[in-house]
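J.: Before anything else, here's the structure in question.
The values are calculated or read from the model by the stated rules, or taken from the named source; none is laboratory data. These numbers were taken from a predicted model, which means no experiment stands behind them. Here the Cβ is made from the backbone with ideal geometry for all residues, glycine too, and neighbour counts use every protein chain on show.
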Amino acid sequence: MILDTLVQGHNTKCEPYARASYASVCQEWQEFWEKKTFQRLILDPERLLDLDRVVHSKNQQRIDHIEHLWLRIKLEEYG
């Protein structure tokens, strides 16, 4: 299938957000790519407030796709 080929050929280290644009192709692709995109989320405190907007309201199904959620906190340097 085309979608499986795109997943295998996509390098998330080089282009971590590029595959999100595939979700705009059609409804079937949106469902497929959102499952991949929201499966593992890494947030920092600045983006934490965006989580509610992204996974709730009309996008309620996105929260069901989350399997792993990391909160990345940067500590101040100390001696």
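J.: Among what's in region 1-40 and is farther than 24 Å from Trp70 by Cβ and of a type in the set (A, V, I, L, M), pick the residue that is modelled with the lowest pLDDT.
T.: So, considering only residues that are farther than 24 Å from Trp70 by Cβ and of a type in the set (A, V, I, L, M), the one modelled with the lowest pLDDT is Met1.
J.: Also, quick follow-up: Across region 36-50, which residue is nearest to Tyr22 (Cα to Cα) among those that are in a helix (DSSP H, G or I) and out of contact with any helix residue (DSSP H, G or I) (no Cβ under 9 Å at 6 or more places or on another chain)?
T.: Only one residue tops the list, namely Asp50.
J.: Also: For region 21-42, name all the residues that are under 10 Å from the mean Cα position of the chain (by Cα) and not β-branched (Val, Ile, Thr).
T.: Trp33, Glu34, Lys35, Lys36, Phe38, Gln39, Arg40, Leu41
J.: Evaluate the following for Leu49: is it surrounded by 14 or more Cβ atoms within 10 Å (Cβ to Cβ), modelled with pLDDT of 80 or more and within 26 Å of Lys74 (Cβ to Cβ)?
T.: No.
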